[in-house]
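Here is the structure we will look at, set down as structure tokens.
The values are calculated or read from the model by the stated rules, or taken from the named source; none is laboratory data. Fair warning: this is a prediction, and the values are worked out from it, not measured in the lab. Quick reminder, even Gly has a Cβ in these numbers, built from the backbone with ideal geometry, and neighbours come from all protein chains shown. The accessibility values were calculated without ligands, DNA or RNA, using every heavy atom of the protein model including side chains. Shrake-Rupley method; radii C 1.70, N 1.55, O 1.52, S 1.80 Å.
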Amino acid sequence: MVRQPRGGVAKDSQNKGMTMRVDFRDVPTVIADESSATGQSLHRILDQLGFRALDHVETMDALRSRITRSEVALLIANAAMAGGDILKLIRAVRRNEMGGQPFVPVITLIGQPDASTTRSIIDSGSDLIFALPISHGRVETGLKTLLAGRKPFVVTSDYVGPDRRSGARGDWQEVPLIEVPNPLRRWATGSIDEPSAKKVLEAINLQRVQRQAVQILYLADLIVAHFSGGESDGKVRSHLKSLQTAATEANGLAVGTKYRNQVVLCELVGTAARDIEI
């Protein structure tokens, strides 16, 4: 049973005629960090901001259990947890593969903001990235951003999450933006003016099928070129594996969309990719 959030809305000319009356007391929040010192620091900051429904988990098993048990409206996770496996979990959450909570706002903490780790965090689908050590002001500013200016989601062949990336990648140019539910805002303000989670998931799944279809055609062209007497492609094994993955994902997603009749074709493509001998 979903608990009813506190909060309310008041008139204000600065925000489309409305301003949010925020109450963080009941917002179900999870801090995922193996470092008790960082967890305690975050707990103290959030407590000062009015959060009371705080869970601190220090293992991946505990986090998975917490996510699948009940709703999480805010997840703050250390990118270094379990050697980076936390980022795989966030990616699974975004792809609706865990706990049915793909839209939970995620703040990821990073100890050393190098380019590789930062890219991995972005690719996971996190909303915000905070460098450690964390500060009260940074957390407060981040929460305001998530409440009033959370980025819409985008879907590509390998990504589901907030539109955080630069416009440099060609495969993002025609990808539509999707407004998604915001559990943090709903719990903290009582706001109900958000899109239907069911309809948003349907839209995301449809786009994932379409993105995988484009990826399948792209990979198929590379593989056919390799086996047609053209220039040898040293990455053909990787292409075949990626083709099998894309076909399998499209197969699983297509059932609930208008592309349901293409399931057999996806199965054939996946089988062919698996059985081709190099």
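Label points 7 Å out from Cα along the Cβ direction at D123 and E34: separation in nm?
Between D123 and E34, the label points sit 2.1 nm apart.
What angle do you read, to the nearest 10 degrees and between 0 and 90, between the alpha-carbon axis of helix 197-227 and the longest principal axis of the chain?
30 degrees
Take the solvent-accessible surface of the protein heavy atoms, probe 1.4 Å, and return the percent of it on the chain that carbon and sulfur atoms account for.
Its accessible area is 51 percent carbon and sulfur atoms.
Loop-only GluC sites (Glu not before Pro) in segment 195-261, please: DSSP not H, G, I, E or B, and at most 13 other Cβ atoms within 10 Å.
E231
Rounding to the nearest 10 and keeping the result within 0 to 90°, find how far the Cα-based axis of helix 263-275 lies from the longest principal axis of the chain.
70 degrees
Given a 1.4 Å probe and the protein chains all in place, what does the accessible area of K235 round to, in Å² to the nearest 10?
140 Å²
Hey, what's the chain come to in accessible area per residue, 1.4 Å probe, Å²?
Per residue, the chain has 53 Å² of solvent-accessible surface.
Looking at the chain only, what percent of DSSP beta bridges run antiparallel? Nearest 5 please.
In the chain, approximately 35 percent of DSSP beta bridges are antiparallel ones.
Looking only at segment 97-204, where both bridge partners belong to it, what percent of the DSSP beta bridges are antiparallel (to the nearest 5)?
Percent antiparallel among DSSP bridges in segment 97-204 is about 50.
Quick one, which of [x] 29; [y] 37; [z] 16 is the actual percent of Cα pairs over 33 Å apart calculated for this model?
[x]
Who wins for biggest fluctuation among V264, V155, V30 in a Gaussian network model of the chain, springs between alpha carbons below 10 Å?
Result: V264 has the largest fluctuation of those listed.
Which one of D26, D127, D221 has the biggest mean-square fluctuation once the chain is modelled by GNM with Cα springs under 10 Å?
D221
Using alpha carbon centroids, what distance separates segment 194-244 and segment 15-84, in Å?
That distance is 35 Å.
Give the angle, between 0 and 90 degrees and rounded to the nearest 10, that separates the Cα long axis of helix 60-69 from the longest principal axis of the Cα atoms of the chain.
80 degrees
Run lengths n ≥ 4 of DSSP H only: what is the helix-derived mean residue ellipticity at 222 nm for the chain, with -39500 (n - 2.57) per run over all residues, to the nearest 500?
Using -39500 (n - 2.57) per qualifying helix, the result is -14500 deg cm²/dmol.
Cross-link partners among aspartates and glutamates for K144, C-alpha distance below 15 Å, same-chain residues fewer than 8 apart left out?
Of all the aspartates and glutamates, those that pass the test against K144 - Cα under 15 Å, at least 8 places apart if same chain - are D23, D127.
Would you mind checking which residues have amide H under 5 Å from G161's amide H? H placed 1.01 Å from N; only 5 or more apart, or other chain.
V154
Exceeding 20 Å between C-alpha atoms, which entries from my cross-link table qualify? They are K151/K199; K88/K258; K198/K258.
Violating the 20 Å Cα-Cα cut-off are K88/K258.
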